[in-house]
Amino acid sequence: MILSVLACADPPPPPPQPTAPLEVHALSRPVGWLAEQLGGPDVVVTQVLPDGQDAATWQPSGDVVASLDRADLVVANGAGFEGWLETATLPDTLVSTAEGLALRTIEARTHSHGSGGAHSHQGHDPHTWSDPALLAQQGAALHRALVARDPEHQPGYDARLAQLQEQLDALGIALDQALAVAPDRGMGSNHPSFGYLARRAGIELIELDLDPERPPGPQALARVGAWRQDQEEPVLWWEAAPVAEVQQALGSGIVHLVLDPLEQPSGGSYDYLAQARGNLVRLREAFTTPQAPR
Amino acid sequence: MRRPTLRERLGGPLGLAGRYLLHHRGRAGIQVLGSSVALALPAITLLANATIEDRLLARAQASPIVLGHVGNTFDLTMSALYFRTAVRDPIPHGVVDRASAYGLAAPLHVGHSVGGVPLVGTSLAYLEARGLQIAQGRRPGVLGEVVAGAALAEASGLSIGDRVRTDLTNLYDLAGSYPLILTVVGILSPTGGPDDRVYFSDVKTTWAVDGHLHGHAALTEATAFPAEEGARHLQATAALFLEQQITPETLASFHLHGETHALPASAVLVFPTDARARDQLLGDFALEPLYQAVQPTDVIRTVLGIVAQVRGALLVYLGLVITTTTLFLGLTLTLSLRLRRAELELLRRLGSSRLAVAEVIGAEIVLILGGAVALSGGLTLLAALLLGVV
């Protein structure tokens with residue numbers, strides 16, 4: 001009797017089929033790292049930027065751009081960092097994580113030709129990730145896109161976003177503490193890679209547009225000369241160690257502070273937190289010890 | 001065995017009439033042809049009219065809302081749906097972002113051409129909304145890449161990798177934009193509509209043809225006027241070479257002048273998510289002083305209303321043609337009978353009754369009209385095939 005009742009009962013519902021992880025294509029390292037942190041096991045992140053290439057200058061072929069159609073989400077830093085986006089035909093799955101952030105304006109030389117009149121290539125500073133708070137906001141933007149695309153896994157995305165924001169908040173506080181004793185005016189940088197970090201700490205960084213591998217020309221030397229005036233112990237932030245010829249051309253007495261611009265993997269794989277903590281150590285050394293940092 | 005009578009040997013009135021018409025095949029042919037044209041002309045005209053109306057309406061119904069600058073709604077609709085005419089006043093591309101809140105929105109930048117064929121700048125949203133599939137190759141990926149419609153590719157013998165050159169828009173604008181060489185990277189599946197006969201590219205490529213987006217080498221002492229120390233503005237000399245081909249080598253030098261949202265679009269085609277979004281979009285743009293939201297079905301129905309009035313006059317005209325042709329046919333028949341009086345008299349003398357003679361005449365008329373009906377049917381069928389109705 002019991003067996004017959006059991007036989008007539010509705011069969012148990014089939015177990016839910018595990019959905020395939022989202023395919024996320026990242027166009028630069030910081031946002032690729034964000035996608036990995038937020039997506040966890042629910043996403044498969046493909047880094048579109050080839051190893052060793054600079055996202056700002058890399059130019060993908062039309063085939064590579066068309067292949068982005070296969071992704072569920074395409075994640076970009078935006079704010080002009082991936083310069084090729086300006087000339088590419090992009091799918092509507094693109095998420096520009098820096099959209100809506102309070103961006104810095106950087107100035108560059110402008111030119112004119114033909115009938116177009118004077119025009120400028122100045123724009124926004126795209127190095128948003130140098131400030132962990134901005135990267136956290138970019139994480140929130142990516143989180144919204146992930147949840148909209150894959151609401152089934154929202155609890156996981158929520159938990160990982162909370163953890164990420166906690167880590168980035170802690171990093172930001174530590175950076176603030178390290179920079180609290182730094183001079184708030186007069187330091188220079190070779191490239192606008194750390195503008196948002198400086199803005200966060202209330203520091204004015206003078207961008208000198210120097211190449212760490214090529215000795216500066218007369219105009220660049222004139223800029224450096226003007227900057228060095230009134231500086232007792234000038235500090236120059238670099239995104240890569242300047243070669244000896246560059247240091248020699250700039251003259252003695254400059255403290256060269258080399259930081260990781262966090263655009264590329266340092267060593268093995270890209271790890272934003274580990275690499276930013278490396279910068280933290282160098283900043284602490286630079287501003288708490290009397291020795292010139294290297 | 002009984003011998004067949006003369007009437008039986010000749011196959012009765014129909015056979016006799018057939019033999020007569022075959023003997024006078026030139027005159028009979030003209031009569032059949034004239035009658036068939038008189039019959040086929042109204043049929044073909046009405047068929048073509050109905051087909052064009054159906055197609056116009058179908059295209060309009062597949063294009064829910066067109067946004068554009070205030071002005072002539074007909075020009076805007078024709079430009080957005082058929083790409084043949086450029087609008088007088090473009091709208092800023094930023095309208096696309098605004099329209100995206102209501103559904104799928106695709107910019108349309110119309111006005112450039114390649115060998116006289118329209119080059120339509122748009123986005124992937126257009127291909128998606130229209131259901132345009134790539135039959136060969138791939139969709140445009142970077143600046144300078146185009147896909148060709150199926151009929152265009154077939155007529156021009158286009159294949160993947162072919163280079164095509166945009167037409168010069170103004171011969172006397174020496175300081176303006178130059179023709180650009182573009183690459184065909186894909187061919188679309190046929191749809192039977194106007195999308196089959198144009199090139200599609202990203203709207204950025206059409207901005208490059210405009211000159212808003214262009215490529216050149218970095219400014220050097222040879223290509224720029226000397227600048228004072230610290231100057232933030234360099235002015236290029238005429239020696240600066242603007243790229244005329246968008247290739248993998250030159251692509252990186254192409255850059256945009258201005259903000260994307262301010263660059264021009266002829267129109268924005270919007271596919272609202274639902275009826276509510278459509279009503280909201282129409283309501284919001286009804287308050288706009290510079291832009292308008294047009295429903296192409298309204299515009300096309302207005303045009304078809306005018307066509308319907310013309311069609312009434314056309315039907316009267318066709319009726320007159322048929323009447324006149326019938327009268328002429330009757331006249332030629334009467335004259336023919338007069339000319340054949342001796343011949344018909346001979347039939348009577350051979351013993352044919354008046355009825356038998358009338359049967360032969362009647363059979364001739366039936367054969368001529370039958371031939372005319374068959375020929376006009378064939379012509380109408382041919383027209384239907386050419387119009388793609390069958």
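The values are calculated or read from the model by the stated rules, or taken from the named source; none is laboratory data. Here the structure is a predicted model, which is why all the values come from computation and not from measurement. As a convention, Cβ positions derive from the backbone with ideal geometry for all residues, glycine included, and neighbour counts pool all protein chains shown. Heads up: the accessible areas ignore ligands, DNA and RNA and are worked out on the full protein's heavy atoms, side chains in. Shrake-Rupley method; radii C 1.70, N 1.55, O 1.52, S 1.80 Å.
Look at where the Cα atoms of region B:55-90 and of region A:147-217 average out, and the two centres are 48 Å apart. Note on region A:198-294: along the principal axes its Cα atoms extend 38, 27, 25 Å, ordered by decreasing extent. Rounded to the nearest 10 square angstrom, B:S35 shows an accessible area of 10 square angstrom against a 1.4 Å probe.
Report, as an integer, the average count of C-beta atoms from other chains found within 10 Å of each Cβ along B:249-257. Intermediate results must be reported in sequence, preceding the final value.
Values: counts 1, 0, 7, 6, 2, 4, 5, 4, 7.
Partner-chain Cβ atoms within 10 Å, mean over residues of B:249-257: 4.
Legend: calculated FRET efficiency, B:I160 to B:L339, from the Cβ-Cβ distance at R0 = 60 Å, rounded to 0.05, equals 0.30. PRE reach from A:D69 (point 7 Å along Cα→Cβ): which of region A:81-104 fall under 17 Å by backbone N? So the set is A:88-94. Spin-label pair B:A358-A:R185: with each label point 7 Å from Cα along the Cα-Cβ axis, the two points sit 12.3 nm from one another.
Heavy atoms only, probe 1.4 angstrom, no DNA, RNA or ligands counted: give me A:F287, B:F254 ranked by accessible area, highest first. Show your work: numbers first, answer last.
Working: A:F287 35, B:F254 10 Å².
Largest accessible area first, the list is A:F287, B:F254.
Between region A:228-294 and region A:64-98, the C-alpha centres lie 32 angstrom from each other. Net charge around B:L251, counting only other residues with Cβ within less than 12 Å of its Cβ (Lys, Arg = +1; Asp, Glu = -1)? Neighbour charge sum, excluding B:L251 itself: -3.
Run the helix sum for chain B: -39,500 (n - 2.57) per DSSP H stretch of 4+ residues, divided by residue count, reported at 222 nm to the nearest 500 deg cm²/dmol. When only DSSP H runs of four or more count, the value is -16000 deg cm²/dmol.
The modelled label-to-label distance for the pair A:E213/A:A148, using points 7 Å beyond Cα in the direction of Cβ, is 3.9 nm. Across region A:254-265, rounded Karplus estimates of 3J(HN,Hα) from the backbone phi angles (6.51 cos²θ - 1.76 cosθ + 1.60, θ = phi - 60°) give 9, 8, 8, 9, 9, 10, 7, x, 6, 9, 10, x Hz, Gly and Pro being marked x.
Think of the protein assembly as shown as a dipole: +1 on every Lys or Arg Cβ, -1 on every Asp or Glu Cβ, centred on the Cα centre; then among A:L283, A:Q264, B:V95, B:V95 lies furthest on the positive end. Averaged over the residues of peptide A:65-72, the number of Cβ atoms from other protein chains lying within 10 Å of each residue's Cβ is 3. Carbon-plus-sulfur accessible fraction, the protein assembly as shown (probe radius 1.4 Å, protein heavy atoms only): 58%.
With every protein chain kept in place and ligands, DNA and RNA left out, what is the accessible area per residue of the protein assembly as shown? Probe 1.4 Å, answer in Å².
Numbers: 34820 Å² over 684 residues.
For the protein assembly as shown, the solvent-accessible area averages 51 Å² per residue.
Express the relative contact order of chain A as a whole percentage, based on alpha carbon pairs under 8 Å and six or more residues apart in sequence.
RCO, chain A: 15 percent.
If you build the convex hull over the alpha carbons only and average its shadow over all orientations, what do you get for chain B? Give it in nm² to one decimal. Provide the component values of the computation, followed by the final result.
On the way: hull surface 127.1 nm².
Taking the Cα atoms of chain B, their convex hull projects to 31.8 nm² on average.
So how strong a dipole does region A:183-268 carry about its Cα centre when Lys and Arg Cβ are +1 and Asp and Glu Cβ are -1, to the nearest 20 debye? Write out the running numbers ahead of the final one.
Numbers: 6 positive and 13 negative charges, 25 e Å.
Computed about the Cα centre, the dipole is about 120 debye.
What you get for chain A, charging only the Cβ of Lys and Arg (+1) and of Asp and Glu (-1), is a dipole of about 500 debye around the Cα centre.
State to the nearest 20 debye the size of the charge dipole of chain B about its Cα centre, where the only charges are +1 on K and R beta carbons and -1 on D and E beta carbons. Show your work: numbers first, answer last.
Working: 30 positive and 31 negative charges, 742 e Å.
Result for chain B is approximately 3560 debye, rounded to the nearest 20.
Can you give the mean number of other chain Cβ atoms that lie within 10 Å of the Cβ atoms in peptide A:81-92?
Numbers: counts 0, 0, 2, 5, 0, 7, 17, 8, 14, 5, 5, 6.
Rounded to a whole number, the mean comes out at 6.
Model label sites at B:R55 and A:A222, defined 7 Å from Cα along the beta-carbon direction, differ in position by 6.7 nm.
Please list A:22-31, A:41-50 highest first by mean number of surrounding beta-carbon atoms within 10 Å per residue.
On the way: A:22-31: 24.7, A:41-50: 17.4.
Sorting A:22-31, A:41-50 by mean packing, highest first, produces A:22-31, A:41-50.
Based on the mean of other Cβ atoms within 10 Å per residue, sort peptides A:146-153, A:248-255, B:207-214 so the most packed one is first. Walk me through the numbers before you get to the answer.
Working: A:146-153: 15.9, A:248-255: 14.1, B:207-214: 22.4.
Top of the packing list down: B:207-214, A:146-153, A:248-255.
B:L143 sits with roughly 0 Å² accessible to a 1.4 Å probe, with DNA, RNA and ligands left out of the calculation.
Here the alpha carbons of the protein assembly as shown define both size measures, Rg and Dmax, at 38.4, 142 Å. With a Förster radius of 22 Å applied to the C-beta separation of B:Y178 and A:E86, the computed FRET efficiency comes to 0.60.
For B:R88, the amide hydrogen comes within under 5 Å of no other amide hydrogen, counting only partners 5 or more places away or on other chains and with H modelled in the peptide plane. Using just its DSSP H runs of length 4 or more, each adding -39500 (n - 2.57), chain A gives a mean residue ellipticity at 222 nm of -11500 deg cm²/dmol after division by all residues.
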